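The values are calculated or read from the model by the stated rules, or taken from the named source; none is laboratory data. From a predicted model like this one, the values you see are computed outputs, not experimental measurements. No Cβ is skipped: glycine too gets one built from the backbone with ideal geometry, and neighbour counts run over all protein chains shown. In case anyone asks, the SASA skips ligands and DNA or RNA and just uses the protein heavy atoms, side chains included. Shrake-Rupley method; radii C 1.70, N 1.55, O 1.52, S 1.80 Å.
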Amino acid sequence: MTKQADKEVETYPMVPIRDVVIFPFMMVPFVIGRASSVKALEEALSRDKQIFLATQKDASQDNPGEEDIYRMGTIATIAQSIRLPDGNIRVLVEGNMRARAVLFHEREDFMEADVEIAVPVRVSSSKLALVTKQLNQLLEEYSKLNPNSNYETVFQSVRKADAERLADTIAATLPVSVEDKQTLLGIIDPVERISQIIQFVDIEIEKINMEKSIQGRVRKGMEKAQREYYLNEKIKAINKELGRDDKNEIQELRDRVENSGMPESASSKAFQEIRRLEAMPPMSAETTVSRSYIEWLISLPWTSRSEETADLARAEEILNEDHYGLEKIKERILEFLAVRQLLGKSESGVSQGSTICFVGPPGVGKTSLGKSIARATGRKFVRHSLGGVRDEAEIRGHRRTYVGSLPGQIIQMMKRAGTRNPVFLLDEIDKMSSDFRGDPASALMEVLDPEHNNSFLDHYLDTEFDLSEVLFVCTANVLHTIPRPLQDRMEIIELSGYTEHEKLNIAKQYLVPKQRELKGLAAEDIVMEEDGIIEIIRHYTRESGVRNMEREIGNIMQKLARMVVSGNGQDKPLIVNRARVNELLGIKKYRQKQTSESNEIGLVIGLAWTEVGGEILMTESTIMKGKGVLELTGKLGEVMQESAKAALSWIRSRWSHFDLEEDLQKNMDIHVHVPEGAIPKDGPSAGITIATAMVSSLLKIPVRRDVAMTGEITLRGKVLPIGGVKEKILAAHRAGLSSVILPAENEKDLGKLPAEVLKDLKIILVDNMDQVLQEALETYPEEASCSGGDPDLRKEDTGTAGSVGNQPGIH
């Protein structure tokens, strides 16, 4: 025992306890399971069975620290301890006295605490008697109000005890929170502690009285509802005796069903439900369910149709007004309208719907195309986003056996459209997923299949609804997350990124006027020049679409609106050129080119495909002394690592042709790095890029800085085709490169490219790595070609690579 500030301080093993506050004079059983607590218990048993117990502030913490434990606790005696089969220990402790922890010690296996014993406070006996009497009265009242309280068994046992024991025993049995009990434990003065207990008991009495008052009101409400039901039934009986059977509402529902035009299968269900409704008591819960079901059946567009546009010229004009470019999509829509017009003239023409899926990066206009199709065809337009949908009931609805059931979103949107032939946009179809509630993608197969959606069955309606006249338009960023059977039911139309020329025209014709109007500016207030728009495209956005460009234009208009309102001595109109764009938007976010300023050894420009469009991918290689190790960095995936190994194996098979020393490969390490190492990269299309970087490093020949490439490499040096050609070439065009090396088998993909891109870029088609190196390196020795190497390699064509673009023809 030591002394601190004239107070006795003793050291005890300590156990933090959860969700309980132990008071003096209490016998409390609990289970100890934490290893440190078990050690502390064993230490206390080995001494004098005395232990310090303090409550945790947060019961969910398994390893509480000093700041997580209340300082005020109780020194207790361990009365009994039993080890359980699961290794835990059940203990029975008796609280002795209050104590405050002065200092905590972290031993090897358990905690100890230096504690100050709480010295009892001397109080006036008259005050103590007064508050004790008041507490007795309140507890008697509480016991009468709450028959579940254990007042008689607890309070009677301590009625004649001293005030300390009385206060602590009552505090331990109060139905209050752990925090409130900890407050009571920290009050040393018994008069003050009993006064606080009186407040808590008084609050509990008020809660009981309030609950009884609420129950009384509920009972009166139920009696009123029963009384109304009795009177309604009596009125019905009287009307029946007088021959005044009131069935106006039921007859109205029958008339609406007959006039709705629904098929016989649906009308029979509606009439059956009306008969059930007629037999139900008005106050029954089933009445609302039945009436809601009938209303849904009546409100659906069974026969209503929109009159479609027959003027193809007008439809083409509308499409051109709404979107710049996208010629293939516009042609597809006009072809659809032409077929519809011919079917309408034919006696045997069957009205058919269709399903189109626009796939492309964000911001290229997929969703707005759906609105334009509706406007061009003269149909109603409805949209439903499928992003994050996991529940099949979102598509097919809930069965009526569930409380609060509703039809699926397909039927709900058809009701909103009000016609049976709307344009129905299913947005973000690639972002659906499945869980225990079903697979919504599988439910969509029936919806999007023109051969079967004429009998779509919603679980709530439980009758077939014809969706065959609906024009479904789906949008997605990627295809690989859409199940193949679902893809098979849609016509896939891919939208790639825009070129700089297209972005410029979109901004001039659509985005600038739109943002100017949204910010309250007039055309005579603001003039945005082409060089200002190009500055935004090149240095403030990097995207395949135009969403970020529109956002930046909106920021500029917002700043200009403030200038117009405040005056600031500005003459109108305000000219927005390159300098003003830099002034308003601040520091440039992107460089126009990410390429090197000069030809460098081991530095090659590759091309990559991402979900938001194409990107250029710088690939570096360097040679150093070592033991023949290939080091790959840049967070490369397994396929990309295998491409690098295949490229190295091809180089080693050509070692003598490259005129390299035989021992060089044993005494050197090759390090290939793809920058932006935090971004995962994968795929085989970087094979020729990595091989070119390695050859450049080995031969010490620089790589042309204006050439980008993509293609898969084999062990024999053949170049295989890859995907995402259009996006990759657009990325090279945006970066200002002059040439792109492509596998010869990808020649078929060049027809998808805009004419201005093919005009600006030289597309080089290759079959093998020799052709790649001849085009990519500054110089390529003739003796390094296949002419004297592996006979299988000599079978390949090693002539001049074909080219497309600013070179005439494809060779």
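For the pairs Lys431/Lys726; Lys269/Lys415; Lys559/Lys589; Lys589/Lys718, note any where the Cα-Cα span goes beyond 28 Å.
Listed pairs above 28 Å: Lys589/Lys718.
Which of rounded, prolate or oblate describes the range 4-91 when judged by the alpha-carbon gyration tensor and an a/c cut-off of 1.5?
oblate
Given (1) 164; (2) 216; (3) 360 as candidate values of volume of the Cα convex hull per residue in Å³, which corresponds to the one derived from the coordinates?
Working out volume of the Cα convex hull per residue in Å³ from the coordinates points to (3).
Helix hunt in the chain: which complete DSSP H runs extend at least 24 Å axially by C-alpha with mean Kyte-Doolittle at least -0.5?
Answer set is 125-145, 327-345, 547-566.
So if we plug the beta-carbon distance of Val478 and Val178 into 1/(1 + (r/R0)^6) with R0 = 35 Å, what FRET efficiency do we get, rounded to 0.05?
Taking R0 as 35 Å, the efficiency between Val478 and Val178 is 0.10.
Sort out the exposed loop GluC sites (Glu not before Pro) in the chain (DSSP loop, at most 10 other Cβ within 10 Å) and tell me the longest stretch that has none.
109-306
When all protein chains stay in place, what accessible area (Å², nearest 10, 1.4 Å probe) is found for Val339?
Surface open to solvent at Val339 totals about 80 Å².
How many angstrom lie between the Cα centre of the range 168-227 and the Cα centre of the range 9-40?
28
How many percent of the accessible area of the chain is carbon or sulfur, using a 1.4 Å probe?
Carbon and sulfur: 48 percent of the exposed surface of the chain.
So, counting K/R as plus one and D/E as minus one, what does the shell of residues with Cβ under 15 Å around Thr377 add up to?
My count for the surroundings of Thr377 gives 0.
Test of understanding: extend the Cα→C-beta vector of Glu321 to 7 Å, then name every residue of the range 356-378 with backbone N under 19 Å from that spot.
368-378
Before I look further, what does the chain give for accessible area per residue, probe 1.4 Å, in whole square angstrom?
Result: 51 Å² of accessible area for each residue.
Each label point is 7 Å from the Cα along the Cα-to-Cβ direction; what then is the distance between the points at Glu530 and Ser126, in nm?
According to this spin-label approximation, the distance is 10.3 nm.
When the solvent-accessible surface of protein heavy atoms is calculated with a 1.4 angstrom probe, in what order do Asp466, Asp458 fall, highest first?
Descending accessible area places them as Asp466, Asp458.
Sequence-distant or interchain residues sharing an amide H contact under 5 Å with Leu425, placed H: which?
Val382, Arg383, His384, Val473
Within a Cβ distance under 12 Å of Arg416, other residues only, what is the Lys/Arg minus Asp/Glu net charge?
Combined, the nearby Lys, Arg, Asp and Glu give +3.
Among Tyr229, Phe436, Ile601, pick out the residue whose Cα is farthest towards the positive end of the charge dipole of the chain, where Lys and Arg carry +1 and Asp and Glu carry -1 on C-beta, about the Cα centre.
Farthest along the dipole direction, towards plus: Tyr229.
Which trypsin sites (Lys or Arg not before Pro) in the range 3-56 sit in a loop by DSSP (not H, G, I, E or B) and have at most 12 other Cβ atoms within 10 Å of their own Cβ?
Hits after loop and neighbour filter: Arg47.
For the chain, what's the relative contact order in percent, using C-alpha pairs closer than 8 Å and at least 6 residues apart?
This gives 7 percent for the chain.
Can you tell me the length gained on complete extension of the stretch Asn505 to Glu642, counting 0.36 nm per residue apart and subtracting the Cα distance?
45.0 nm
Using r as the Cβ-Cβ distance of Asn259 and Lys212, and R0 as 56 Å, what FRET efficiency do you calculate, to the nearest 0.05?
0.55
Only Lys, Arg, Asp and Glu count, each charged at its Cβ (+1, +1, -1, -1), so figure out the dipole size of the range 658-741 about its Cα centre, rounded to 20 debye.
The calculation lands at about 420 debye.
State the answer as a single residue: which of Trp650, Leu630, Asn582 lies farthest towards the positive end of the charge dipole of the range 544-675, with beta carbon charges of +1 for Lys and Arg and -1 for Asp and Glu, about the Cα centre.
Value computed over the given set: Asn582.
Below 13 Å, Cα to Cα, which aspartates and glutamates can Lys700 reach? Residues fewer than 8 away in the same chain don't count.
Filter leaves Glu600, Asp659, Glu778.
What longest range of the chain stays clear of loop-exposed chymotrypsin sites (Phe, Trp or Tyr not before Pro) (DSSP non-H/G/I/E/B, at most 13 other C-beta within 10 angstrom)?
The answer is 1-401.
Please go through the range 64-109 and write out the trypsin sites (Lys or Arg not before Pro) that DSSP classes as loop and that have at most 16 other C-beta atoms within 10 Å.
Passing sites in the range 64-109 are Arg71, Arg107.
Roughly how big is the range 270-419's charge dipole about its Cα centre, with Cβ charges of +1 (Lys, Arg) and -1 (Asp, Glu), in debye to the nearest 20?
Roughly 340 debye for the range 270-419.
Over the range 1-152, calculate the relative contact order: mean separation of alpha carbon pairs under 8 Å at least 6 apart, over the residue count, as a percent.
That works out to 26 percent.
Mind jotting down the distance between the C-alpha centroids of the range 422-491 and the range 655-669, whole Å?
So the separation of the two Cα centres works out to 59 Å.
Lys/Arg Cβ at +1, Asp/Glu Cβ at -1, dipole of the chain taken about the Cα centre: which of Val447, Ile506, Val719 is farthest positive-ward?
The residue sitting farthest along the positive end of the dipole is Val447.
List the lysines whose Cα lies under 16 Å from the Cα of Lys212, skipping any in the same chain that are fewer than 8 positions away.
Correct list for Lys212: Lys144, Lys220.
Given only helices, namely DSSP H runs of n ≥ 4 each adding -39500 (n - 2.57), what is the per-residue ellipticity at 222 nm of the chain, to the nearest 500 deg cm²/dmol?
Computed mean residue ellipticity for the chain: -12500 deg cm²/dmol.
Quick one: putting +1 on the C-beta of Lys and Arg, -1 on the C-beta of Asp and Glu, what dipole do you get for the chain around its Cα centre, in Debye to the nearest 20?
I would put it at about 2280 debye.
So for the range 622-689, averaging the separation of alpha carbon pairs under 8 Å that are six or more residues apart and normalising by length, what relative contact order in percent results?
With pairs under 8 Å counted, the relative contact order is 60 percent.
Show which aspartates and glutamates lie in cross-link reach of Lys234 when reach means a straight Cα distance below 15 angstrom and same-chain residues fewer than eight apart are skipped.
Asp245, Asp246
Calculated FRET efficiency, Ala523 and Ser434, Cβ-Cβ r, R0 41 Å, to nearest 0.05?
Efficiency, rounded to the nearest 0.05: 0.20.
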